[in-house]
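The structure appears right after this line, and notes come after that.
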Amino acid sequence: MAQSVAVIAPTGAPVMTVPLVFALAGQGCAVAFLISTITVLLVALNVNQFARISSSPGSLYTYIADHMHPRFGVLAGWALIIAYLGTAAAVSVGVANYANVILRDRFGFQMYPLLITVAVTLVAGALAYKDVQISTRLMLWLEGASVALISFIAVNIIARHGWHPDFGQLTLEGVTPEQLRLGLVLAIFSLVGFESATSLGSEARDPLTSIPRAVKWSAILAGSFFFLCAYAEVLGFHGETQPLDKNPAPLHLLAQKAGLPPMVGTLTDLGAVLTFFSCFLACITAAARVFFLMGRHGAMHSILGETHEDNQTPHRAVLVSSLLAFIPAAIMASQGQSLFEIYGLLGTLATFGFVTVYLLVSAAAPIYLRSQGRLTPQAIGISTLAVVAMGAALLGSLYPVPPAPYSALPYWYLALLICGVAFSLFQTSKNSSFARE
């Protein structure tokens with residue numbers, strides 16, 4: 001549960017993702033989160049068809065490779081790697097943004113964002129290298145406290161509004177289909193990672209029970225929380241001169257409007273720092289497990305398929321994951337790009353990877369169930385709905401063409417995916433040649 005919740009990073013959505021979705025979808029922000037939750041829950045039901053009987057590490061890569069075709073597995077593996085590392089890179093600048101908000105408000109100075117991302121990478125990498133169990137459990141409790149605090153602020157905002165529905169949001173007043181579809185991609189990004197508990201495999205306690213439970217309930221609870229926050233934030237910013245998407249710390253203003261002391265705003269910023277750090281740690285942990293299993297299968301260099309003699313962690317895969325997550329954020333931050341812009345761009349890029357894998361695993365579920373003699377009309381219906389929903393989200397992000405620089409992201413994603421798959425196919429063929437010799 002800690003692994004899935006950490007990658008979802010629930011505190012991160014109210015402080016960074018909701019403003020970005022509002023910038024794209026306007027008053028359709030909350031509805032975009034509602035649609036994304038239903039869509040992701042359909043995928044979760046398909047993932048659990050595998051998670052109930054398989055505790056192999058490697059997350060969805062294993063399920064797709066075993067029940068479709070090894071080449072589809074390679075495709076899924078690289079899509080997951082891009083997804084997890086893109087998310088890690090995005091949230092590393094989230095740590096920098098909110099750490100600087102706290103430093104500015106409380107101590108009157110700020111740090112160079114690149115230094116903060118270096119610190120995040122080193123500390124998280126060291127934890128993942130040694131043992132993530134203690135740190136993820138601590139982060140789960142801290143995340144729970146932060147979610148409770150933000151929910152309290154949101155409920156107070158709604159109560160001050162008088163508990164009557166904001167029909168402008170619920171009826172999508174003034175929202176075009178194009179705005180809604182653009183917001184939907186980022187809303188889905190806020191929920192991706194619910195499946196990452198599957199990457200731990202037999203490392204989890206009672207995995208065939210605990211992992212499916214974590215996959216389903218992390219999606220349901222996080223989605224409900226995001227809808228509440230999006231609704232309350234849009235409601236709370238009605239009539240403000242500075243719109244929601246232009247405010248660097250929206251929960252500060254909402255805490256003030258709810259009549260709460262200034263320290264509450266600072267605590268939400270601290271919660272954001274912790275949740276983004278936890279997400280970075282969970283993402284490099286999940287990516288390392290995918291690297292590890294692909295190394296074992298010959299789709300990566302075999303050195304990545306080794307574990308540490310004492311820690312029993314895929315230590316080399318962790319080091320590679322940490323470095324690859326750091327590079328894009330460091331390059332973009334050093335070029336002076338806005339931290340919110342970096343978060344939005346890398347988050348959208350990562351979403352393409354998640355959507356690709358969710359499409360593949362939803363298509364693989366009925367194939368697997370048929371091989372087990374357990375295929376039912378209900379399972380076919382859930383699989384079909386998930387494929388259609390994810391396909392629509394993917395196509396909606398491509399056409400009509402979104403504004404620059406988001407218009408270039410599909411091409412960057414496709415280029416990275418093709419390069420990764422080509423490398424793995426070459427590596428596989430080379431290993432097969434060595435085996436024949």
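The values are calculated or read from the model by the stated rules, or taken from the named source; none is laboratory data. Just so it is clear, the model here is predicted, and its values are computed rather than measured. Cβ sites come from the backbone with ideal geometry, for glycine too, and all protein chains shown count toward neighbours. Ligands, DNA and RNA are excluded from the accessible area calculation, which covers all protein heavy atoms including side chains. Shrake-Rupley method; radii C 1.70, N 1.55, O 1.52, S 1.80 Å.
A few remarks follow.
- Fluctuation leader among L42, L395, L360 - the chain, Gaussian network, Cα springs under 10 angstrom: L395
- Candidates per GluC sites (Glu not before Pro) in segment 86-195, loop by DSSP, up to 16 other Cβ within 10 Å: E173
- Between 0 and 90 degrees, the angle of helix 262-296 with respect to the longest Cα principal axis of the chain falls at about 10 degrees.
- Euclidean distance of C-alpha centroids, segment 62-88 and segment 366-437, integer Å: 8
- Comparing G236, C283, V273 along the charge dipole axis of segment 226-366, the residue lying farthest to the positive side is C283, per the Cβ-charge model.
- Rounded accessible area per residue of segment 61-202, 1.4 Å, Å²: 43
- Net length gained if the chain between E341 and R213 were fully extended (0.36 nm per residue, minus Cα distance): 42.6 nm
- For the pair V388 and L115, label points projected 7 Å from Cα toward Cβ lie 5.5 nm apart.
- With the whole protein complex present, I64 retains an accessible surface near 0 Å², based on a 1.4 Å probe.
- Cα gyration tensor category, rounded, prolate or oblate, for segment 1-100 with a/c compared to 1.5: prolate
- Note on Y399 and T307: with the Förster distance fixed at 60 Å, the Cβ-Cβ geometry gives a FRET efficiency of about 0.85.
- Per-pair calculated FRET efficiency, R0 = 56 Å: R160 and R71 via Cβ, rounded to 0.05: 0.50
- Calculated accessible area for segment 288-377 comes out at 40 Å² per residue, all protein chains present (probe 1.4 Å; ligands, DNA, RNA ignored).
- Residue ranges 81-92, 206-217 sort as 81-92, 206-217 when ordered by packing (mean number of other C-beta atoms within 10 Å per residue, highest first).
- Degrees between helix 177-191 axis and first principal axis of the chain (Cα, 0 to 90, nearest 10): 70
- Surface accessible to a 1.4 Å probe, H315 within the full protein complex, Å²: 20
- Per residue, the convex hull around the alpha carbon atoms of segment 170-298 comes to 168 Å³.
- Close amide-amide hydrogen proximity is noted between T313 and H308, each under 5 Å apart and 5 or more residues distant or on a separate chain (H modeled in the peptide plane; Pro and chain starts excluded).
- By accessible area, using a 1.4 Å probe on protein heavy atoms only, segment 322-388 has 67% of its surface on carbon and sulfur.
- Choice from Y61, Y98, Y406 with maximal GNM fluctuation in the chain (Cα, 10 Å cutoff): Y406
- Simple point charges give the picture: +1 on the Cβ of Lys and Arg, -1 on the Cβ of Asp and Glu, and for the chain a dipole about the Cα centre of about 620 debye.
- Within segment 83-187, all pairs of alpha-carbon atoms sorted by distance into 10 Å bins from zero give the percentages 11, 23, 33, 23, 9, 0.
- Segment 58-99: translational diffusion in µm²/s, Stokes-Einstein, Kirkwood Rh over Cα pairs, 4 °C, 1.567 mPa s: 114
- Using the alpha carbons alone, the radius of gyration of segment 243-314 stands to its Kirkwood radius in an Rg to Rh ratio of 1.34.
- Solvent-accessible ranking of D166, D66, D105, largest area first, probe 1.4 Å: D66, D105, D166
- Cα-derived Rg to Rh of segment 206-263, Kirkwood definition: 1.21
- Each of A148 and T376 was given a label point 7 Å from its Cα along the Cα-to-Cβ line. The distance between the two points is 3.7 nm.
- Between P19, P262, P366, the residue with the greatest mean-square fluctuation in the GNM of the chain (Cα pairs under 10 Å linked by springs) is P262.
- Rounded tilt (10° steps) of 70-107 against the dominant C-alpha axis of the chain: 30
- Kirkwood's formula applied to the C-alpha pairs of the chain gives a hydrodynamic radius of 21.7 angstrom.
- Remark: accessible surface ordering of R296, R205, R289, R316 (largest first) is R205, R296, R316, R289, probe radius 1.4 Å.
- Within the accessible surface of segment 93-202, defined with a 1.4 Å probe on protein heavy atoms only, the carbon and sulfur portion equals 69 percent.
- Shape of segment 238-388, Cα gyration tensor, a/c cut at 1.5: oblate
- Cα-based shape type of segment 301-424, given that a ≥ b ≥ c are square roots of the gyration tensor eigenvalues and the cut on a/c is 1.5: oblate
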